[in-house]
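Derivation of every value follows stated rules applied to the coordinates shown; laboratory data play no part. All of these numbers come straight from a predicted model, not from anything done at the bench. With ideal geometry, Cβ positions are generated from the backbone for all residues, glycine too; neighbour counts draw on all protein chains shown.
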Amino acid sequence: MAAVIPIIMKIVSIVFLIIFILSVTLLVFTFRKPKKVSLLSLILPVLISLITFTVFSFFIHYRPSILLLVGMGFAGLAIGIIWSQSTLVYAESGTVMSRNSIWYLVVWGGVFALTQLISIVTKKPPSIVMALLIMSTGSVIGMNGQMMRKYFSVKSSLGAPEASLQSCPNCGAKIEGKNAFCNKCGNKL
């Protein structure tokens, strides 16, 4: 069994590398295009990230300390929450949509470069791999958690008549009068 695990890890690594390359290609070509947002599209990345974390934890056979788990988890959550600010969530024709700014790509690239640099410099001991995995899982949870908050805010405003709209569905700023755009973030109301 011990001889099989390295082979399985290589196969898993190759599969994840292929998925990563496809994801990067898709991200670069579509990051600014409007996308339909659904609850499933927000939950699925979190589930995939948690499954990946669980699978790699099983194969690495490394149990992180509580300090590492909490520290890197919170760092990842913070990165994810900040990252979510680069995505505009809005309603268009009765559908919740999102569009990423260039900062989405910049933050993603920065986090990816940092994790790769750490991996290369440290020669990937299990503690570093686990720390980066915890951080990336936390960032996905933070990002998608914030996106869910935005999603539900916009979704709840879809059924409401426009005259009763009291706050911007994007940023939550108070709306006075019959403005067509939010005075704070510029979101179309």
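Just a few scattered comments:
- In this Cβ point-charge picture (+1 for Lys and Arg, -1 for Asp and Glu), the stretch 33-158 has a dipole of about 140 debye about its Cα centre.
- Database remark: amide H of S167 closer than 5 angstrom to the amide H of I175 (H placed geometrically; neighbours at sequence offset of 5 or more, or on other chains; Pro and chain starts carry no H).
- Note on the chain: GNM, Cα springs under 10 Å; of T25, T54, T87, the largest mean-square fluctuation is that of T25.
- Selection from S127, I102, A75, by position along the positive dipole direction of the stretch 33-158 (Cβ): I102
- Cα shape, the stretch 1-53, gyration tensor, a/c 1.5 rule: oblate
- Expected 222 nm ellipticity per residue - DSSP helices of 4 or more, -39500 (n - 2.57), all of the chain, to 500: -23000 deg cm²/dmol
- With the convex hull drawn over the C-alpha atoms of the stretch 33-158, the volume per residue is 98 Å³.
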